[in-house]
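Report on the following structure.
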Amino acid sequence: MRLTFTLLLLLLSNALWASEPLQQAAFPSEREQLQLKSQTVLTYLWVDLYAVAFYTDAGVSPRDAVSQMRDQRLELYYLRAIDRSDVIKAAWTTLERQQPADRLQALRAAIEPMEANFKDIQPGDRYALNYSAEGGLVLELNGKQVYRNHNAEFARAYLGLWLAQDGLSEELRERLLATP
């Protein structure tokens, strides 16, 4: 009986601990007429790095939004300080894994100007990637637009860091694309 109670207590405390970063991020249920479809936390080596939320149009599943390049928003709320250079290194490592060399070379002209807008991340910072067919991909930092690109293939590749196979985390991808 004591062992059962202890295990139950551990499971409950772990569930509460995991939800704390999402409460801290306080993602609204709607952003720019898109609905919150999923939210989760990226944990690396037992450290929560950021909470992330994925938004799409009402009636559009996360998988359909990604595969059909429908309107979508990926929002990250950072829980830890991260150097700009580490963000860029992780992105390039993932892009090199995901993209053929010739395609990656073609995307470089769009990626590097976007990276020029990256800053060292502090706890509480929010980065967001908004995509729409009309507006292209918009990068926001703490609610302010810092970069825009109208190339849909660039948008697919960069959102793919989180949402495509062989991305930053397969577990994170699956949680973001799960149907609510």
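What follows draws every value from the coordinates through simple rules; no lab data is involved. Just so it is clear, the structure is predicted and the values come from calculations on it, not from any experiment. For neighbour counting, all protein chains shown are included, and Cβ atoms are generated from backbone atoms with ideal geometry for every residue, glycine included.
Using the Cα centre of the chain as the reference point, and only Cβ charges (+1 on K/R, -1 on D/E), how large is the resulting charge dipole? Debye, rounded to the nearest 20.
Numbers: 19 positive and 23 negative charges, 35 e Å.
That gives the chain a dipole magnitude of about 160 debye.
Whole number please: convex hull volume per residue of the Cα set in the chain, in Å³?
Values: hull volume 22.9 nm³, N = 180.
With only Cα atoms used, the chain gives 127 Å³ per residue.
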Net lengthening on full extension, residue 26/residue 178 (0.36 nm per residue, minus Cα-Cα): 52.7 nm
Cα lying deepest toward the dipole's positive end in the chain, options 157, 55, 104, charges on Cβ: 55
Listed residues 177, 123, 22: farthest to the positive end of the dipole of the chain (Cβ charges): 22
Convex hull (Cα only) mean projected area of the stretch 45-124, reported in nm² to one decimal: 6.9 nm²
Extension gain, residue 119 back to residue 144 (0.36 nm per residue minus Cα-Cα distance, nm): 7.7 nm
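Per DSSP helix of 4 or more residues, -39500 (n - 2.57); summed, then divided by the residues of the chain. What does that give at 222 nm, rounded to the nearest 500? Before the final figure, lay out each step's value.
Working: 6 runs with 80 residues, N = 180.
For the chain, the value works out to -14000 deg cm²/dmol.
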